[in-house]
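So the structure is just underneath, and the comments pick up after that.
The values are calculated or read from the model by the stated rules, or taken from the named source; none is laboratory data. Being a predicted model, the structure only gives us computed values, none of them experimental. Note that we place each Cβ from the backbone using ideal geometry, even for glycine, and neighbour counts take in every protein chain shown.
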Amino acid sequence: MIKQDLLLRAVVPAPVLAAGVVAGGFTPLAWATGVVYGLALVLLTEWGLRRSGRGAFGPADWITFARATLVGCAAELIAKGDFSLWWLVGLVGVALLLDGLDGQVARRTGTASEFGARFDMEVDAFLILLLCVQVSHALGPWVLGIGLMRYVFVAASWAMPWLTASLYPSMARKTVAAVQGVVLVVAVSGLLPLAVTFALVAAALTALVWSFGRDVVWLARQRVSAEAPGRIVHLTRATLRRPLGYGHNQAA
């Protein structure tokens with residue numbers, strides 16, 4: 001069963017990524033991107049499964065895997081650089097529509113797992129980074145701040161492990177994270193005037209900086225509280241009653 005699962009993960013994305021190369025115009029860079037991405041997808045999911053003690057994908061993981069394959073096609077198009085934007089919008093649109101479906105399937109089938117949540121998070125993060133790369137061609141390199149922020153946060157946590165602590169539930173955090181993808185897809189489509197697009201992306205980046213900044217401060221206070229409880233005031237009841245969301249160490 002485990003070998004069959006690995007074989008499917010190795011074979012399934014091949015024709016889809018090959019189609020992405022065709023759409024990208026058979027360029028060497030598109031080919032290289034597809035091959036490297038496909039190998040990384042198979043090897044990293046295998047490593048993740050082994051690390052989590054699981055042997056095979058659950059039904060929700062296959063949905064995330066399909067999303068990851070679509071993201072790979074988007075990477076091929078962006079690597080090519082000369083393509084119809086509607087190809088990219090279509091791929092990304094489907095990937096975003098499928099986002100959330102994997103979570104629902106996992107909950108309804110009782111197969112939710114830490115691996116599945118992490119897999120979904122990494123696919124989302126890489127998709128956002130790809131969109132930032134594309135949008136940066138029109139608006140400038142500052143847009144990359146949206147896609148790189150989570151990776152900077154993760155890198156910082158290597159030096160400051162307290163950043164990996166669980167965050168309090170927050171609907172605001174979840175909303176800010178969701179807005180990033182929507183705004184970037186609109187920016188990629190080119191449907192709006194450049195000035196309006198610039199304002200929307202700048203607002204999305206500002207909201208993300210605020211969200212990350214707020215949570216870093218909260219985590220820092222929690223660390224101080226744990227080491228010396230008398231040095232800071234306890235969290236307010238309002239903070240503890242915030243709606244369910246997820247942390248930046250789980251999604252960007």
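Quick look at the values:
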| quantity | calculated |
| --- | --- |
| Hits in region 46-60 (condition: within 13 Å of Asp120 (Cβ to Cβ) and either touching a helix residue (DSSP H, G or I) at 6+ places or on another chain (Cβ under 6 Å) or among the aromatic types (Phe, Trp, Tyr) (or both)) | Gly48, Phe57, Ala60 |
| Qualifying positions in region 166-184 - under 23 Å from Leu91 (Cα atoms) and buried (at least 18 other Cβ atoms within 10 Å of the Cβ) | Val176, Ala177, Gln180, Gly181, Val183, Leu184 |
| Matching entry among Leu39, Leu7, Leu43 (being more than 21 Å from Leu127 (Cβ to Cβ), surrounded by fewer than 17 Cβ atoms within 10 Å (Cβ to Cβ) and either out of contact with any His (no Cβ under 6 Å at 6 or more places or on another chain) or at pLDDT 65 or above (or both)) | Leu7 |
| Index of the failed condition, Ala125 passing every other in (1) surrounded by fewer than 22 Cβ atoms within 10 Å (Cβ to Cβ); (2) of a type outside the set (Lys, Arg); (3) modelled with pLDDT under 90; (4) closer than 30 Å to Pro193 by Cβ | (3) |
| Qualifying residue in region 54-74 (condition: outside any helix (DSSP H, G or I), surrounded by 18 or more Cβ atoms within 10 Å (Cβ to Cβ) and of a type in the set (A, V, I, L, M, F, W, C)) | yes |
| Residue satisfying condition, being touching a Ser or Thr at 6+ places or on another chain (Cβ under 8 Å) and surrounded by 14 or more Cβ atoms within 10 Å (Cβ to Cβ), within set Ser157, Ser136 | Ser157 |
| Residue match in region 98-114 (condition: of a type in the set (Ser, Thr, Tyr), closer than 20 Å to Leu29 by Cα and surrounded by fewer than 23 Cβ atoms within 10 Å (Cβ to Cβ)) | no |
| Only listed residue being assigned to a helix (DSSP H, G or I) and free of Cβ contacts under 8 Å to residues at least 12 places away in the same chain, chosen from Trp87, Trp47 | Trp47 |
| Residues that are over 20 Å from the mean Cα position of the chain (by Cα) and at negative phi, drawn from region 59-86 | Lys80, Asp82, Phe83, Ser84, Leu85, Trp86 |
| Single match in Leu101, Leu97, Leu127 (criterion: without any contact (Cβ under 8 Å) to a residue 12 or more places away in the chain, under 16 Å from Ala178 (Cα atoms) and not assigned by TED's automatic domain parsing to the domain that holds Leu192) | Leu97 |
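Condition check ((1) more than 23 Å from Met121 (Cα to Cα); (2) at pLDDT below 90; (3) in a loop (DSSP other than H, G, I, E, B); (4) aliphatic (A, V, I, L, M)) across all residues:
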position	(1), (2), (3), (4)
Val196	yes, no, no, yes
Ala199	yes, no, no, yes
Leu208	no, no, no, yes
Val233	yes, yes, yes, yes
Ala238	yes, yes, no, yes
